[in-house]
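The values are calculated or read from the model by the stated rules, or taken from the named source; none is laboratory data. Computed from a predicted structure; not experimentally measured. Methodologically, a virtual Cβ is constructed for each residue, glycine included, from the backbone with ideal geometry; neighbour enumeration extends over all protein chains shown. Ligands, DNA and RNA are stripped out before the accessible areas are found, and what is left, the full protein with its side chains, is counted by its heavy atoms. Shrake-Rupley method; radii C 1.70, N 1.55, O 1.52, S 1.80 Å.
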Amino acid sequence: MKKAIDFLKATDPRFAALIKQSRRFDVVANKLVRPFDALAESIAYQQLSGKAAATIWGRVRALYGKRKALDPAAILKTPDEKLRACGLSGSKIAALKDLAAKTVDGTVPNRRELLRMTDEEIIERITRVRGIGRWTVEMLLLFELGRLDVWPVADYGVLKGFAKTFGKRKLPKPKQFAKIGEKWRPYRSVAAWYFWRALDAPQAPATKSRFD
């Protein structure tokens, strides 16, 4: 990680200032991650505040006792009415059951398979699930699998953090941001993480930037 931090600091003095005033990158790969559980929870959290989503997800988990891991087959057998009573919308129930079905049939990779797949292979497979887009899979790659070169070009927080760090009035378009991100390859996940931190940090001092 020191190599990654030193690399990013050297790309621009403003980025170096952001890193200096932020807490250190602390994402660690979850070696026990189960894609089904992580993605099912992400579906429950879509378009909701953290507290409301946590309450709903807690009710869903309670349907299946104290088991640590969810069983996709059990989800498929659960009547929609029970899931709706937990607070899930019809569209989320449909997405959750599609995720369960595609986990059972092998479309969604298991943990062992994920370790052998590239980021794009994982994105292509998992986005076949109803209600799961590229951004959701990127968050799985970054925060659960600890992949170091994920670049979420459509993430509003990353875009805002970039604009704040480099004094940009307008947010770059995704295609433009993809090109900009090449400067931080192969540590774009770390760069994105620090741009999220930029939203909590004071404005970086004005110095000449390569992006000007």
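Of note:
- Residue among 142, 88, 171 that is within 18 Å of the chain's Cα centre (by Cα) and among the hydrophobic types (A, V, I, L, M, F, W, C): 142
- In region 63-72, the residues that are without any contact (Cβ under 8 Å) to a residue 12 or more places away in the chain and touching a Leu at 6+ places or on another chain (Cβ under 8 Å): 64
- Per the conditions (1) surrounded by 14 or more Cβ atoms within 10 Å (Cβ to Cβ); (2) closer than 24 Å to residue 25 by Cα; (3) within 17 Å of the chain's Cα centre (by Cα), the sole criterion not satisfied by residue 131 is (2).
- Answer from 94, 10 - the residue that is exposed (fewer than 14 other Cβ atoms within 10 Å of the Cβ) and not polar (S, T, N, Q): 10
- The residue of region 41-57 that is most open to solvent (accessible area, probe 1.4 Å), among those that are closer than 22 Å to residue 137 by Cα and β-branched (Val, Ile, Thr), is 56.
- Within region 139-171, the set of residues being more than 28 Å from residue 121 (Cβ to Cβ) and open to solvent by 30 Å² or more (accessible area, probe 1.4 Å) comprises 160, 164, 167, 168, 169, 170, 171.
- Residue among 60, 28 that alone is within 17 Å of the chain's Cα centre (by Cα) and either buried (at least 19 other Cβ atoms within 10 Å of the Cβ) or in contact (Cβ under 8 Å) with a residue 12 or more places away in the chain (or both): 28
- Selection status of residue 208, at pLDDT 95 or above and either surrounded by fewer than 19 Cβ atoms within 10 Å (Cβ to Cβ) or in contact with a strand residue (DSSP E or B) (Cβ under 7 Å, 6 or more places away or on another chain) (or both): no
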